[in-house]
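The values are calculated or read from the model by the stated rules, or taken from the named source; none is laboratory data. Just so we're clear, the structure is a prediction, and the values are computed from it rather than from any experiment. Cβ: placed from backbone, ideal geometry, glycine included. Neighbour counts: every protein chain shown.
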Amino acid sequence: MSNLKELTKDVHRDAERQDFVKILMSGKINPKLYATYLWNQHKKYDLLEAMANIHGLLDDLPDIRRKMKIEEDFLELWEDKLPPTIVKSTNDYIMHMKSIMHDPTALMAHIYTLHMGDLSGGQMIARKAPGEGRMYKFAGDNAELKESIRAKTNDDMAEESKYCFHASTELFKELMELDIEPYLEQTD
């Protein structure tokens, strides 16, 4: 059994403590800011899932794919003609992914970090986020899906998983720096 959760605990906690996450969990996040988050996540998941498919990493995890669900959530919320900003950390993440594209173990560390987050904390986010929250709804049994992912992990994935958490932390920080009011306006 892998100790990956324990080995990444500190960086995971740091990501969860970001202001963006606090606003998201308040249930009062501006849909435009959340859609910008989804747009950036879509770019990450699109590349990760394509690379994982090449290596057959998702063959026995058919319910795990999130790219299309994220796109549906984004399209539900985005009203502007032009797409939102892709922040620096997303571009950095994409470049990093291209550097590990031939390493199935490294790619699995990203699936563990991102998709396991959707299966776990994502269930709380789904109740607070604007829109349908399709990206957090899985067709299969969540507990079984988590166990299937865990079975594909090992302690050697810790550094790559930490990178993924750091990239998420940077995304959260950069989103808060955009010229988008983070909270919905309250009408009393």
Given the options 23, 54, name the one that is crowded, with 17+ Cβ neighbours inside 10 Å and either of a type in the set (Val, Ile, Thr) or on the phi > 0 side of the Ramachandran plot (or both).
23
Sole exception among (1) part of a helix (DSSP H, G or I); (2) surrounded by fewer than 16 Cβ atoms within 10 Å (Cβ to Cβ) for residue 80, by number
(1)
Return a yes/no flag: does segment 67-77 have any residue that is of a type in the set (Lys, Arg), in a loop (DSSP other than H, G, I, E, B) and under 21 Å from residue 24 (Cα atoms).
no
Among helices (runs of 4 or more DSSP H) lying entirely in segment 100-185, which contain 2 or more residues that are more than 15 Å from the chain's Cα centre (by Cα) and either surrounded by 19 or more Cβ atoms within 10 Å (Cβ to Cβ) or of a type in the set (A, V, I, L, M) (or both)?
142-150, 158-177
Index of the failed condition, residue 84 passing every other in (1) more than 21 Å from residue 122 (Cα to Cα); (2) under 15 Å from the mean Cα position of the chain (by Cα):
(2)
Is there a residue being surrounded by fewer than 19 Cβ atoms within 10 Å (Cβ to Cβ) and closer than 29 Å to residue 144 by Cα anywhere in segment 27-34?
yes
Going by what's in this entry, would residue 163 be described as modelled with pLDDT under 95 and aromatic (Phe, Trp, Tyr)?
no
Within segment 1-47, the residues that are among the β-branched types (Val, Ile, Thr) and assigned to a helix (DSSP H, G or I) are 11, 21, 23, 36
